[in-house]
1. Among the listed pairs A:K55/B:K205; A:K34/B:K95; B:K32/B:K164; A:K55/A:K103, give every one whose C-alpha distance is greater than 30 Å.
2. If you line up the long axis of helix B:57-70 against the longest principal axis of chain B, both from Cα atoms, how many degrees apart are they, to the nearest 10?
3. Taking K and R as +1 and D and E as -1, what net charge do the other residues with C-beta under 13 Å from the C-beta of B:D154 add up to?
4. Near the amide H of A:A86, under 5 Å away, which other amide H atoms are found, from residues 5 or more places off or on another chain, if H is placed in the peptide plane?
5. Looking only at the range A:33-51, which residues have a backbone nitrogen under 19 Å from a spot 7 Å from the Cα of B:K63 in the C-beta direction?
6. Averaged across orientations, what area in nm² does the convex hull of the alpha carbons in the protein assembly as shown project?
7. Taking amide hydrogens as modeled 1.01 Å from N in the peptide plane, which residues meet the under 5 Å criterion relative to B:L264, leaving out close sequence neighbours?
8. In nanometres, what is the gap between the two model label sites at B:E44 and B:L194, each 7 Å from Cα along Cα-to-Cβ?
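None of the figures in this text is laboratory data; all of them are computed from the coordinates on show. Note that the structure is a prediction, hence the values are computed from the model and not measured. As a convention, Cβ positions derive from the backbone with ideal geometry for all residues, glycine included, and neighbour counts pool all protein chains shown.
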Amino acid sequence: MAVRVNAENFNDEVLGAQGIVLADFYSDSCVPCKRMSPVLAELEETYPDTLKLVKININFDGELAEKYEVQAAPTLIFFKDGEEKARLRGAVKKAEIFEEFEKL
Amino acid sequence: MYDIVIIGSGPAGLSAAVYASRAQFSAVVAEKDYMGAGQIAASEQVDNYLGLPEINGYELGEKFREHAVSLGTKFFEGEVSGIIKNAESYTVSFKDGSTMESRCIIYAAGTSYRRLEIPGGELLGVSYCATCDGAFYKGKTAAVVGGGDTALGDALYLSKIAEKVYLIHRRDTFRANKALQELVKKTSNIEVILNAVPTKVIGEKRVEGLEISVSGETSSLAVNGIFVAIGSVPNTGILDGICSLDKNGYIIADEDGITSADGLFAAGDVRTKALRQVVTAVSDGANCVLSAENYIRNNNW
């Protein structure tokens with residue numbers, strides 16, 4: 001299950017985590033974000049041991065969005081051992097997300 | 001070999017799928033997005049679809065899809081890269097390299113947003129989806145470009161989040177419906193600028209301002225984000241040389257969906273028509289299946 005993170009626990013949950021963390025910056029009213037949700041769940045289920053999925057609601061955590069220069073929802077950022085490795089902006093295809101992850 | 005390949009999974013394509021399933025055709029819906037439901041999904045509220053007042057566009061789209069799924073509709077996720085007309089069939093090829101053979105095609109690929117093609121139009125902060133990206137402008141200033149229902153709806157939506165919203169339109173009157181115009185007038189943090197053409201997005205990496213030309217005079221507005229709602233363009237690029245298009249790229253077809261290409265039928269927003277709404281798209285989908293049925297029968301297939 002994806003964890004909701006905010007400015008307070010972002011450091012622990014994302015930057016301090018070992019391995020790959022996928023941070024999904026989303027908005028409640030955003031339809032492409034809703035569509036992306038089952039795809040991300042599938043990715044998480046396919047790689048339960050190697051991927052951690054976290055979600056940042058930009059309606060509440062605008063400062064995190066600002067810090068990471070996220071200005072489009074959804075934006076997916078892949079972190080590896082706390083470092084940003086890849087970023088996908090806007091609605092993307094399932095295959096692209098899987099491919100991006102598998103490259104890491 | 002399919003009887004019908006339906007290209008597009010918006011209201012027109014899904015309606016065609018329902019009719020095709022019930023008529024027991026071998027059919028498949030090819031869609032470029034995973035679990036699509038077309039542009040209607042992005043509408044905050046749909047108030048003119050009979051029997052379902054005040055429904056959210058996303059929910060309406062989901063209902064359409066569930067209906068098609070419940071009748072056994074097959075879906076394929078892939079973006080069409082080309083269509084070839086053979087003697088008695090069509091070959092549809094996809095970007096992933098796969099192909100499909102079909103007697104008929106129901107083309108219901110819809111339209112895409114018209115892009116803001118000015119310098120800086122690709123900067124971070126230029127958006128085509130207010131409900132997606134509006135939240136980034138809490139307490140900030142945003143500009144909306146356009147004068148139709150979408151533009152005014154976006155301006156109203158953003159006025160609840162942003163501190164100030166500029167609504168920039170190139171004509172002296174709005175095309176949007178009167179109810180929306182009244183609401184905009186009553187909203188104190190929306191400033192309307194008419195006869196204004198955006199000429200340049202100012203900023204290095206992200207939007208810092210918008211340069212506009214008002215009746216020939218250039219000025220600039222300090223804005224953090226720009227929302228573009230200047231109409232749409234039909235997704236018909238791959239049909240060049242296959243069937244007749246009008247000067248704006250829409251497929252020339254009447255209510256029966258029959259195009260200049262035998263066995264290729266047009267449904268929904270891609271077709272030349274007076275009213276592009278869910279209700280007309282849904283009706284097109286049904287009509288196209290009937291036309292496909294007649295076409296298949298007349299050829300004794």
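1. B:K32/B:K164
2. 10
3. Surrounding charge for B:D154 is -2.
4. A:F78
5. In the range A:33-51, the label zone of B:K63 (backbone N under 19 Å from the point 7 Å along Cα→Cβ) covers no residue.
6. The orientation-averaged projected area of the Cα hull of the protein assembly as shown comes to 21.2 nm².
7. Under 5 Å from the amide H of B:L264: B:I105, B:T259.
8. The answer from the label model is 2.4 nm.
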